[in-house]
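What follows is a short report on a single structure.
What follows is calculated from the coordinates using simple rules that are stated; it is not laboratory data. Since we're looking at a predicted model, the values are computed, not measured. A quick note on method: Cβ atoms are made from the backbone with ideal geometry, for glycine too, and the neighbour counts reach across all protein chains shown.
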């Protein structure tokens, strides 16, 4: 283990910046308390009855709006409700095309 000595004034400045950073993070967390209402990938897949790959495609082509935090994606419930008829229609069309191929 290394021991590092720093001047008190440098330590005080570091602590001041750290405290400023934590206040900013707290402010963001308080403002985004509504994030608990957001949906993650698993929730959206279950609601829309689609695979993770389909969800990725819908994100890529802009069908489903999302917010990314780190490596995790979040979706607003109202956005999912809004696009639900579009997804259901696409599923019906796929089912119809599969039936035509079988005939």
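Structural remarks
- Which of 74, 66 has the fewest Cβ neighbours within 10 Å, and the rest in rising order: 74, 66
- When shorter helices are ignored and each DSSP H run of at least 4 residues is given -39500 (n - 2.57), the per-residue value for the chain at 222 nm works out to -22000 deg cm²/dmol.
- Tilt relative to the chain, helix 8-31 - C-alpha long axis, 0 to 90 degrees, to 10: 30
- Computed over the Cα atoms of the chain, pair by distinct pair, the Kirkwood hydrodynamic radius stands at 17.6 angstrom.
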